[in-house]
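The values are calculated or read from the model by the stated rules, or taken from the named source; none is laboratory data. Predicted model only: the values in this text are computed from it and were never measured. With ideal geometry, Cβ positions are generated from the backbone for all residues, glycine too; neighbour counts draw on all protein chains shown. Just the protein is used for accessible areas: all its heavy atoms, side chains included, with ligands, DNA and RNA removed. Shrake-Rupley method; radii C 1.70, N 1.55, O 1.52, S 1.80 Å.
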Amino acid sequence: MIRTRFAPSPTGYLHIGGVRTALFNWLFARKHGGQFLLRIDDTDAQRNVEEALAPILHGFRWLGIDWDEGPEVGGPYAPYYQSQRMDNYRAAAAKLVAAGFAYYDYATTEEIQAEREAAEREKRQFTYSRRWMAETDADRQRFEREGRAAVVRLKMPREGTLVLDDLVRGRVEFDWAREQDHVVQRADGTCLYHLASVVDDFDFQISHVIRAEEHLSNTPRQVFIAQGLGYPRPQYAHLPYVAEPGSRNKLSKRKLDKYLKNADFAKVNEHGQRIAAALGLATSAETFNPVIVDFYEQVGYLPDAIVNYLLLLGWSLDDKTEDFSRSEMIAAFSLDRVNKAPASFDPAKLAAFQERHMQRLPAKQKVAFVLPFLQRAGIVSSPPPCDIGPKLLALVDAAGDRIKVAGDILEYADFLAPADKLEYDEKALEKRIAKPPEAMPLLKKFREVLAATEPFDAPTLDRALHQFVEREQIQIGQIIHAIRVAVTGKAVGFGLFETLALLGRECSLNRIEQTLDRIESPAPSPQPPAAILPPSAAP
RNA sequence: GGCCCCGUCGUCUAGCGGUCUAGGACACCGGCCUUUCACGCCGGCAACACGGGUUCGAGUCCCGUCGGGGUCACCA
């Protein structure tokens, strides 16, 4: 039976690199009909575990990465929190000592540190002298009488070679003599990660340990622990880590300033910030940025797009397949096609996947996806008015590919709740209406046409405008841009006829009138009347 | 510094000795379509880190150099 696990420590957020590791574990288990479980590595920080864990579990659920055993779902080997399994680790430590694979060590940190420094001065590798190792109960008593306290150290072999057959990296060798007598149990009796991890992996019957590359050098000591305890050795697969955009350094949550200098990263971030602002979201860089999964949920990415992108970050099927549904990726995944070199996280490519997935989303689903964003922004009430369905459908239809993430709908809120007063793009207003002499008279005339057009829908409006253009003997460009600016205030937008139909007759007519008024009798504006040029630039 | 890992376009990658004058995707740059924007379509730019071997033949195998990274805690 194939069983894999992902072991987050409760940090309060889900990191994109962590998700990639979890995804590969999940995929591998699903592919082979095995189980994927979540174990919580909270041996160190005990405070607020529940609170710091919630966003992580939420993130996995949102992404559709489900776990068969672990927090909130339980399982036959519960509990799945390391902080609740300390007794097991202590028993294992004792067993290791009894079997001669570990020992009680009474050295103080200072003494160890002194040995380490001496080794460094003499330019030789540090190997603990085991001077304070207790070999007998008499030793222990003697040390304790001196007021010393014991930690448990691994009694690592000092010769020989460990050969590891890693499922991703192939054969890797380590000299045992390079390994240190690592501490597995602290003086206060609590146990450390490596011991805990090995014990749990055995207790949970983990068959494949699939984890990030940074654990590769930790593997010898874990293998040693497992051997000492008489456990079978799980299969190891060390994944390359996820690197920073445009570099080979490991992606970290703390180097945002640096990433922001990357144009693509900055663009994705800025897009997200804009949406967050429209939603009234309080965003701290700590928890709201493109390295944190929550960012994408808040902004309105599709989980499938993220998972699809992450799948290809370090794995590929062949030379062209890029789009995978969940079932396709489960069927296609294999560890031997995992790349060995680190892959840098490219938010621009993630955005491209998002775009494609969004395009494929059926209109009705897109409406359902987008609605909560409108509600959160206070544009649509909750529960929504009963006629919202067709309205939104028309809007989403007119918007087409322009809605790349769900939050983009907020850009078009004006169609759902038309503003009393338009905000104008002044340059567009000038260029399309104020400046061309024919624009205002044409707008006035066309306004009359609009008043009479029946029905007020896109195809009919289209016909009406073309007839108008023919009658007036003008180029369509002379009027169409003017209309757009007059009814939306902006130079860019949906197809014009969809725009008019969406606004409706009354609103369209009002806005044209409003715009004309504005130009004919400009309101006393707080803005200076003309551009102020620096003296040197004056003609 | 020791040990370990890695090294194909800016980025993700295909390539498992000849079919590679190195393929695809994202980004970028042109053009087309078009009432704007977006989409779409067409085209372009752009890589085997370097040096030695092995071989009839090397991006592909071996060695070295260089470069990058990871790890060396009573953190996980």
Quiz item: Going through the range A:375-471, which GluC sites (Glu not before Pro) have at most 15 other Cβ atoms within 10 Å and a DSSP loop state?
Solution: A:Glu423, A:Glu438
Practice problem: For A:Leu281, enumerate residues with amide H under 5 Å from its amide H, sequence gap 5+ or separate chain, H modeled in the peptide plane. | Solution: none
Exercise. Treating cross-link reach as a plain straight distance, find the aspartates and glutamates whose alpha-carbon is under 20 Å from the alpha-carbon of A:Lys404, omitting any fewer than eight places away in the same chain.
Key: A:Asp264, A:Glu270, A:Asp294, A:Glu297, A:Asp304, A:Glu322, A:Asp323, A:Asp346, A:Glu355, A:Asp414, A:Glu498
Quiz item: Applying the Karplus parametrisation 6.51 cos²θ - 1.76 cosθ + 1.60 with θ = phi - 60° to the phi angles of the range A:458-467, what ³J(HN,Hα) value in whole Hz is obtained for each residue in order, glycine and proline being reported as x?
Solution: 4, x, 5, 5, 4, 4, 4, 5, 5, 5
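List the pairs from A:Lys431/A:Lys490; A:Lys435/A:Lys490; A:Lys349/A:Lys490; A:Lys364/A:Lys391 whose alpha-carbon separation is above 19 Å, in the order I gave them. Please report the intermediate quantities before stating the final value.
Numbers: A:Lys431/A:Lys490 11 Å; A:Lys435/A:Lys490 16 Å; A:Lys349/A:Lys490 29 Å; A:Lys364/A:Lys391 12 Å.
In this structure, A:Lys349/A:Lys490 lie more than 19 Å apart at Cα.
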Quiz item: Which trypsin sites (Lys or Arg not before Pro) from the range A:34-133 combine a DSSP loop assignment with at most 10 other Cβ atoms within 10 Å?
Solution: A:Arg47, A:Lys123, A:Arg124
Self-check item: Residues of type aspartates and glutamates that A:Lys421 reaches as a straight line, Cα spacing below 15 Å, ignoring anything fewer than 8 places off in the same chain
Solution: A:Glu506, A:Glu513, A:Asp517
Exercise. For the range A:359-443, give the percent of accessible area contributed by carbon and sulfur heavy atoms, probe 1.4 Å, rounded to a whole number.
Key: 56 percent
Quiz prompt | Other-chain or far-sequence residues with amide H under 5 Å of A:Arg5's (modelled H) | solution = A:Leu37, A:Ile210
Practice problem: Mind pulling the angle between the C-alpha long axis of helix A:193-203 and the longest principal axis of chain A? Nearest 10 degrees, somewhere in 0 to 90. | Solution: 90 degrees
Exercise. Using just the alpha carbons, could you tell me how many Å³ per residue the convex hull of the range A:256-359 encloses?
Key: 117 Å³
Practice problem: Would you compute, for the Cα atoms of the range A:43-120, the largest minus smallest coordinate along each principal axis and list the three values in descending order, in whole Å? | Solution: 52, 30, 21
Self-check item: Computed over the range A:420-520, Kirkwood Rh from alpha-carbon pairs, angstrom
Solution: 13.3 Å
Quiz item: Rounded if a/c is under 1.5, else prolate if a/b beats b/c, else oblate: with a ≥ b ≥ c from the C-alpha gyration tensor eigenvalues square-rooted, which is the range A:352-478?
Solution: prolate
Practice problem: Calculate how steeply helix A:219-228 sits against the longest principal axis of the alpha-carbon atoms of chain A, using the helix alpha-carbon long axis, and give the answer as 0 to 90 degrees to the nearest 10. | Solution: 50 degrees
Exercise. Using only Cα positions of chain A, each an equal point scatterer, no hydration layer, compute I(q)/I(0) via Debye at q = 0.07 Å⁻¹ and quote the log10 values to two decimals.
Key: -0.59
Quiz prompt | Whole-Hz ³J(HN,Hα) from phi, Karplus 6.51 cos²θ - 1.76 cosθ + 1.60, for the range A:28-39, glycine and proline x | solution = 5, 5, 5, 4, 9, x, x, 10, 10, 10, 10, 10
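Normalising by the residue count of the range A:420-520, find the relative contact order in percent from Cα pairs under 8 Å and 6+ residues apart. Show your work: numbers first, answer last.
Details: 93 pairs, mean separation 38.3, N = 101.
Relative contact order comes out at 38 percent.
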Quiz item: To the nearest 10 degrees, how steep is helix A:109-121 against the longest Cα principal axis of chain A, on a 0 to 90 scale?
Solution: 90 degrees
Exercise. Would you kindly derive the ³J(HN,Hα) couplings of the range A:443-448 from the backbone phi angles with the Karplus curve 6.51 cos²θ - 1.76 cosθ + 1.60 (θ = phi - 60°), listing them in order in whole Hz, with x for Gly and Pro?
Key: 4, 4, 5, 5, 4, 5
Self-check item: Computed FRET value (nearest 0.05) for A:Glu110 with A:Lys258, which takes r as the C-beta separation and R₀ as 30 Å
Solution: 0.20
Self-check item: DSSP-defined beta bridges in chain A - what % are antiparallel, rounded to 5
Solution: 60 percent
Quiz item: Which whole-angstrom value gives the distance between the alpha carbon centres of the range A:214-241 and the range A:277-318?
Solution: 31 Å
Quiz item: If amide H atoms are built 1.01 Å from N in the plane of the peptide, which residues on other chains or at least 5 residues away come under 5 Å of the amide H of A:Val338?
Solution: none
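Would you work out the Kirkwood radius for the range A:180-260? I mean one over the mean of 1/r across all pairs of different Cα atoms, in Å.
Numbers: mean 1/r = 0.0679 Å⁻¹.
Its Kirkwood hydrodynamic radius stands at 14.7 Å.
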Quiz item: How much area per residue is accessible in chain A when the probe is 1.4 Å and only protein heavy atoms are counted (Å²)?
Solution: 49 Å²
Quiz prompt | Whole-percent carbon and sulfur share, accessible surface of the range A:85-239, 1.4 Å | solution = 47 percent
Quiz item: If you count, for each residue, the other Cβ atoms within 10 Å and average over each peptide, how do A:297-307, A:336-346 line up from highest to lowest?
Solution: A:297-307, A:336-346
Exercise. Within the range A:133-234, list the trypsin sites (Lys or Arg not before Pro) lying in a DSSP loop whose Cβ has at most 12 other Cβ atoms in a 10 Å radius.
Key: A:Arg158
